[in-house]
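Report on the following structure.
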Amino acid sequence: MSTLSLRLPNSIHRHIKEIALHEGVSINQFISSAVSEKISAISTENYLLQRANRANREDFKKILNNVPNRTPLAGDEL
């Protein structure tokens, strides 16, 4: 495990302290979790962008043309 020295504005530190206390976790655990969530979000976005860049619009249209044309179920109209 690594140690990281981090400077935060007092207001952010105060919010982190309050939330961590409310969640019943340490400040370190809260920050570690928040950073992990951000890494996951960025990684997911990058993955989806890579997949989208490999997509072929014509293939997509062919697949959609195979979907049956029927009335949506109640509540799914929009």
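All of the numbers you see were taken from the coordinates with simple rules; none came from a lab. A quick note: this is a predicted structure, and the numbers were derived from the prediction, not measured.
Specify the angular offset, from 0 to 90 degrees and rounded to the nearest 10, of the alpha carbon long axis of helix 27-54 from the longest principal axis of the alpha carbons in the chain.
Value to nearest ten degrees: 20.
Helix-only estimate, please: 222 nm mean residue ellipticity of the chain, summing -39500 (n - 2.57) across DSSP H runs of length 4 or more and dividing by its residues, to the nearest 500. All intermediate terms of the calculation are to be shown ahead of the outcome.
Values: 3 runs with 51 residues, N = 78.
Using -39500 (n - 2.57) per qualifying helix, the result is -22000 deg cm²/dmol.
Which one of L48, L21, L64 has the biggest mean-square fluctuation once the chain is modelled by GNM with Cα springs under 10 Å?
It is L64.
Compute a Gaussian network model of the chain, connecting alpha carbons closer than 10 Å, and tell me which residue from S43, S32, S11 fluctuates the most.
S11
Can you pull the semi-axes for the chain, root of five times each eigenvalue of the Cα gyration tensor, sorted largest first, whole Å?
Details: eigenvalues 400, 81, 19 Å².
Computed over the chain, the values are 45, 20, 10 Å.
Against the longest principal axis of the chain, how steep is helix 10-23, in degrees 0 to 90 to the nearest 10, with axes from Cα atoms?
70 degrees
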